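Just so it is clear, none of the values below were taken in a lab; they were calculated from the coordinates. Predicted model only: the values in this text are computed from it and were never measured. Methodologically, a virtual Cβ is constructed for each residue, glycine included, from the backbone with ideal geometry; neighbour enumeration extends over all protein chains shown.
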Amino acid sequence: MTKWLSRVGWRHGVALLALAFSLFPIVFVVSAALNPLGTLSSTAAVPTGASLGNFANLLSGTDFARWFGNSVLIAGVSAVASVFLSALAAYAFSRMRFRGRRVGLLALLLIQMFPQFLAIVAIFLMFSTITDLWPAIGFNRAWGLILLYLGGALGVNTWLMKGFFDTVPRELDESATMDGASHAQTFFRILLPLVAPILAVTGLLAFIGTINEFLIANVFLTDTGAKTLSVGMYGLVAGERDNNFGMFCAGTLLTAVPTVLVFQFLQRYIVDGLTAGAVKG
């Protein structure tokens, strides 16, 4: 027994500690969401009671349904559009040789070192004018925020996709060209089905990053009905953190539903996309 503990047993102990450390926040959030009192001061890791009152108050007393719809719309459209744009750029950088190719790749990588929030003052001034001229894509509009997010669509995703495109044999492109296929036909009919794993990975990362984004959305969206989940949920605890903590945790659990569904839908591609994209053929 002593020999087993010294060689293997202590590893199980470390694993259990790590598991308890990682699960405690989740258990605490679930306990707070089910807490009938719904306050931070009355919440413990082990709930003293269970009630769905926080969920009912959240759905009936706030615009959570609209926030949820706004977030799914913005995150979904942004993720699909950013994946498409990144795939087009990755195809060009991987398959074509042109002047400025290397400089363009390095520029995409260097630009990502500066977060988009650094330009928030310039963005605010630009959209102040855009809102007056084209209100449909201005402040408090989902399409305006989508366009803003797409401004940073290229970057790391393009590098990931390029690495995956490089693993696809060029002979497939040549065979398609010999059969009379254009670049567009080769891209959509031959290459895209082969690189589906990396499309799934980048799409999932883009969806998670967009649905959790707060700083830019908080500046861009001020009307209650136009807010996303992150901005609306922050408003619940910004002024009355203790009283609305139960509703906040209930909303947190509901917010995780879209991400889990997207992950379940794409999970068969995730492992292949994360590993094969780092291999260069």
Quick check: from the Cα gyration tensor, does segment 6-109 come out rounded (a/c under 1.5), prolate or oblate? oblate
Calculated from DSSP H runs of 4 or more alone, at -39500 (n - 2.57) each and per residue, what is the 222 nm mean residue ellipticity of the chain, nearest 500? -21500 deg cm²/dmol
Which shape class, rounded, prolate or oblate, goes with the chain when its Cα gyration tensor gives a ≥ b ≥ c as root eigenvalues, a/c under 1.5 marks rounded, and past that a/b bigger than b/c marks prolate? oblate
Taking Cα atoms, the helix 245-276 axis meets the longest principal axis of the chain at an angle in degrees (rounded to 10) of 30
With +1 on the Cβ of every Lys and Arg and -1 on the Cβ of every Asp and Glu, and nothing else charged, how large is the dipole of the chain about its Cα centre, in debye rounded to the nearest 20? 840
Suppose a student asked you for the relative contact order of the chain, using Cα pairs under 8 Å spaced at least 6 residues apart; what percent would you report? 30
Taking Cα atoms only, helix 156-166 is inclined relative to the longest principal axis of the chain by an angle, in degrees rounded to 10, of 50
